[in-house]
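**Q** Please see the structure below; I have some questions.
The values are calculated or read from the model by the stated rules, or taken from the named source; none is laboratory data. Quick caveat: nothing in here was measured; it's all calculated off a predicted structure. Using ideal geometry, Cβ is built from the backbone for each residue, glycine included, and neighbour counts are taken over all protein chains shown. Ligands, DNA and RNA are stripped out before the accessible areas are found, and what is left, the full protein with its side chains, is counted by its heavy atoms. Shrake-Rupley method; radii C 1.70, N 1.55, O 1.52, S 1.80 Å.
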Amino acid sequence: MTDFSQHKDLPFEVSEYRRRIENTKASMAERGLDVLLAADPANMNYLTGYDGWSFYTPQIVAVSLEHEDPVCIVRGIDANGGKVTAFLDDDDIVGYPDTYVQSTERHAMDFMADELKRRGMAKGRIGVEMDAYYYTAASHAALARNLSDAELVDATSLVNWVRLVKSEAEIAYMRRAAEICERMMQRAYDVIEPGVRQCDAVAAIYDAQVRGDGKTFGGDYTSIVPMLPTGIGTSTPHLTWNDKPFVTGEATILELAGAHRHYHCPMARTLHLGKPPEKLAKASEVVLEGVAKTLDFIKPGVTCEEIEQVWRETIARHGFKKESRMGYSVGVNYPPDWGEHTLSIRPGDKTVMRPNMTMHLMPGLWKDDWGIEISECFRVTETGAETFCNFPRPLLVKG
């Protein structure tokens with residue numbers, strides 16, 4: 001029998017995973033939960049180290065107040081992936097038969113429910129991540145059908161909130177991600193020229209993303225692909241790219257992220273080919289002022305809504321208004337989003353800043369036929385805020 005312990009490459013010490021589990025159990029106890037079923041791949045990774053592109057099939061990490069360690073249940077062919085990447089003992093990594101995969105006769109959650117029963121984890125109040133991307137309506141129906149002795153309750157984002165304050169080891173990975181992101185942004189600036197196809201520029205960006213620093217560490221795939229809305233496309237934030245060439249007289253928004261061990265550092269900048277129009281140049285100055293004043297205001301003890309108010313009042317003096325939130329928490333994540341789905345920097349969010357919270361300050365402005373993004377990823381320090389990246393903020397101009 002293969003000794004998988006000799007092949008494990010854990011990104012963190014086992015003691016850190018156990019602290020995370022204990023913090024999760026404390027939050028479960030506060031909510032009166034006996035068991036938590038985490039289906040969000042980022043939460044599965046956070047709690048156990050499990051890592052694989054397997055989230056397109058049902059999978060969970062089950063945490064019980066009565067058991068020291070979680071159990072990880074995945075597709076059978078992914079079980080060895082768990083043994084290689086998770087800190088768990090092999091007995092706590094379970095694979096279900098392939099007959100459950102994309103079957104109309106049975107569901108993988110049927111198997112998981114039986115495994116939970118076998119381990120004494122199928123009674124009481126069981127929390128499930130109702131709004132996790134990969135926890136489907138069919139998954140919930142199967143659990144409800146099989147766990148008749150339990151009460152299923154919504155525990156969406158319970159682990160996400162546990163993740164909010166980062167350890168020093170997590171911060172170190174985000175700093176590596178920031179270095180990658182700087183290299184990506186520089187590569188984008190270098191290659192984008194009139195006549196260059198958008199897809200060719202993205203190929204160069206991806207090259208920088210994966211190579212990392214080129215020596216001591218590499219980069220991961222990110223939860224969101226590079227976003228490069230161009231021309232009139234800058235009026236909306238989430239366009240990607242096509243095979244058309246860049247042209248003189250148009251702006252391109254570059255919203256990119258570096259990732260290391262799945263820890264993300266996003267950054268956005270705006271590049272204009274040729275002399276920018278006055279409205280874009282003015283907006284750039286307003287956004288720069290707003291970003292600087294907002295970052296200067298952030299410190300432990302202030303709230304999300306107070307941070308947003310500084311931004312809103314600053315840009316309002318220049319006649320600008322932003323309807324959407326202007327920031328959110330980031331850290332470890334998997335597709336399709338690098339946000340943690342916890343705090344948002346917007347009116348009404350009274351979350352209090354604490355040291356080692358990490359956020360993406362995203363003060364994008366999108367108008368009828370143009371837009372601008374200049375963003376920063378930062379961590380809250382003991383006395384203020386520290387940006388992860390060091391890259392020029394002003395509107396980038398070429399030609």
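**Q** In whole percent, what relative contact order does the range 294-399 give with Cα contacts below 8 Å and a gap of six or more residues?
**A** So the answer I get is 29 percent.
**Q** Pulled fully out, how much extra length does the chain show between residue 275 and residue 138, if you take 0.36 nm times their separation in residues and subtract their Cα-Cα distance?
**A** Computed gain between residue 275 and residue 138 is 43.9 nm.
**Q** Which percentage, to the nearest 5, of the DSSP beta bridges contained in the chain is antiparallel?
**A** 70 percent
**Q** Same structure, new question: Once phi is turned into θ = phi - 60°, what whole-Hz ³J(HN,Hα) does the Karplus curve with 6.51, -1.76 and 1.60 give for every residue of the range 54-67, x standing for Gly and Pro?
**A** With coefficients 6.51, -1.76 and 1.60, one gets 10, 6, 7, 10, x, 7, 8, 10, 9, 10, 10, 5, 8, 10 Hz.
**Q** With an 8 Å Cα cut-off and a minimum separation of 6 or more residues, compute the relative contact order for the chain in percent.
**A** 14 percent
**Q** Rounded to the nearest 10 Å², what accessible area does residue 322 show when all protein chains are kept and the probe is 1.4 Å?
**A** Rounded to the nearest 10, the figure is 30 Å².
**Q** Set Lys and Arg Cβ to +1 and Asp and Glu Cβ to -1, take the dipole of the chain about its Cα centre, and tell me which of 286, 217, 202 lies farthest positive.
**A** 286
**Q** Using a 1.4 angstrom probe and counting only protein chains, how large is the accessible area of residue 134 in Å², to 10?
**A** In the full protein context, residue 134 sits at about 70 Å².
**Q** To the nearest 0.05, what FRET efficiency results for residue 119 and residue 367 with a Förster distance of 45 Å applied to their C-beta separation?
**A** Numbers: r = 55 Å, r/R0 = 1.23.
Computed FRET efficiency for residue 119 and residue 367: 0.20.
**Q** Using only the Cα atoms of the chain, build the gyration tensor, take square roots of its eigenvalues as a ≥ b ≥ c, and label the shape rounded, prolate or oblate: rounded if a/c is under 1.5, else prolate if a/b is larger than b/c, else oblate.
**A** The shape class here is prolate.
**Q** Report relative contact order for the range 209-291 in percent, whole number only (criteria: Cα-Cα under 8 Å, sequence separation at least 6). Numbers along the way, then the final one.
**A** Values: 118 pairs, mean separation 20.7, N = 83.
That works out to 25 percent.
**Q** Also, I was wondering about something else. So how do 163, 325 rank on accessible area, 1.4 Å probe, biggest first, that is with the largest at the start? The partial results should precede the final answer.
**A** Details: 163 5, 325 95 Å².
These residues rank, largest area first, as 325, 163.
**Q** Can you tell me the length gained on complete extension of the stretch residue 356 to residue 247, counting 0.36 nm per residue apart and subtracting the Cα distance?
**A** 35.1 nm
**Q** For the range 31-97, with only Lys/Arg (+1) and Asp/Glu (-1) charged at the beta-carbon, what is the dipole magnitude about the Cα centre, in debye rounded to 20? Intermediate results must be reported in sequence, preceding the final value.
**A** Details: 3 positive and 11 negative charges, 64 e Å.
With only Lys, Arg, Asp and Glu charged at Cβ, the dipole is about 300 debye.
**Q** Right, here's the next one. Could you tell me whether the range 207-339 comes out rounded, prolate or oblate from its Cα gyration tensor? Rule is a ≥ b ≥ c as square roots of the eigenvalues, rounded for a/c under 1.5, then prolate if a/b exceeds b/c, otherwise oblate.
**A** Oblate shape, in that a/c is at least 1.5 and b/c is the bigger or equal ratio.
**Q** Return the distance in nm (one decimal) between the two label points of a simple spin-label model at residue 156 and residue 5, each offset 7 Å from Cα along Cα→Cβ.
**A** 4.1 nm
**Q** So between residue 26 and residue 292, what do we pick up on full extension, going 0.36 nm a residue minus the alpha carbon distance? Walk me through the numbers before you get to the answer.
**A** Values: separation 266, 0.36 × 266 = 95.76 nm, distance 3.76 nm.
Net length gain for the segment: 92.0 nm.
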